[in-house]
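Data block below; observations after.
The values are calculated or read from the model by the stated rules, or taken from the named source; none is laboratory data. Just so it is clear, the model here is predicted, and its values are computed rather than measured. Neighbour counts are summed over all protein chains in view; Cβ atoms, including those assigned to glycine, are modelled from backbone coordinates with ideal geometry. Quick note on the areas: whole protein, heavy atoms, side chains included, nothing else; ligands and nucleic acids left out. Shrake-Rupley method; radii C 1.70, N 1.55, O 1.52, S 1.80 Å.
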Amino acid sequence: MWAMGGWGTVDEALRDHQVYDVLVPGWIDRDGEVPEFRPQPLVVWLRLDSGLLRLRSAGQYDRLAVARLPQVGWDDVDLLAEAEDEVVVASYGEQLFGDGRDTLRCVRLRAYQVADHLKCLALDFEGRHTLFFDPTWTFGIRIGNVADEQRWRELYAGEEAGVETVEVSLGGSGR
């Protein structure tokens, strides 16, 4: 179940699978009075009803690498693989979707690419939720919403920037 690619991999993974959660790695900082989770989103996983869709900040942290995987792993992410603190994965689904649903179906995707490199990715889910994944953020992949996507488009997209937008409807109800 290992497939690597760009927006086509996302399309294939989300066309027939629902999203259960968004997982973000980080470590537990136990130096203070209260242990704190320190997110390190150089890689983010969408937990599907079957396997995972992995998004990784790649290149010079200016594009997304996408893969379907059977399980969470970060051996190829030096910051996490070499961490001296305890590395864990946190569930961000409720914070991002916040509506108490167990699963969500993606109904549309927008891929922003330059040449054949996936720059950023927007996923529209049923119930009018949008997640925008921007790997150019200083601290890894910024997981934003439709306002973050719009701001990114205003700053970095367009013909003069060489950014091509690919929009694909995955069916279902939504926007």
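Laid out as a table, the results:
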| item | result |
| --- | --- |
| Residue satisfying all of: in the stretch 119-140; under 16 Å from Trp7 (Cβ atoms) and acidic (Asp, Glu); least open to solvent (accessible area, probe 1.4 Å) among these | Asp124 |
| Cβ-Cβ under 6 Å pairs, at least 6 apart or on other chains, the stretch 37-65 side within 15 Å of Leu131 (Cα to Cα), far side hydroxyl-bearing (Ser, Thr, Tyr) and not in a loop (DSSP other than H, G, I, E, B) | Arg47/Tyr20 |
| Count of the stretch 88-115 residues which are in a loop (DSSP other than H, G, I, E, B) and hydrophobic (A, V, I, L, M, F, W, C) | 1 |
| Test result for Leu55, open to solvent by less than 80 Å² (accessible area, probe 1.4 Å), touching a Phe, Trp or Tyr at 6+ places or on another chain (Cβ under 7 Å), in a strand (DSSP E or B) and under 22 Å from Cys120 (Cβ atoms) | yes |
| Test for Trp45: is it part of a strand (DSSP E or B) and either among the charged types (D, E, K, R) or over 13 Å from the mean Cα position of the chain (by Cα) (or both) | no |
| Extreme residue, least open to solvent (accessible area, probe 1.4 Å), among residues of the stretch 19-42 that are in a loop (DSSP other than H, G, I, E, B) and within 17 Å of Val77 (Cβ to Cβ) | Pro41 |
| Of all residues making up the stretch 64-87, the number that are modelled with pLDDT of 90 or more and either part of a strand (DSSP E or B) or acidic (Asp, Glu) (or both) | 6 |
| Residues (in a strand (DSSP E or B), farther than 15 Å from Arg63 by Cα and free of Cβ contacts under 8 Å to residues at least 60 places away in the same chain) located in the stretch 116-156 | Asp124, His129, Thr130, Gly144 |
| Residue that is surrounded by the fewest Cβ atoms within 10 Å (Cβ to Cβ) [pool: residues in the stretch 88-114 that are modelled with pLDDT under 80 and of a type outside the set (Lys, Arg)] | Gly100 |
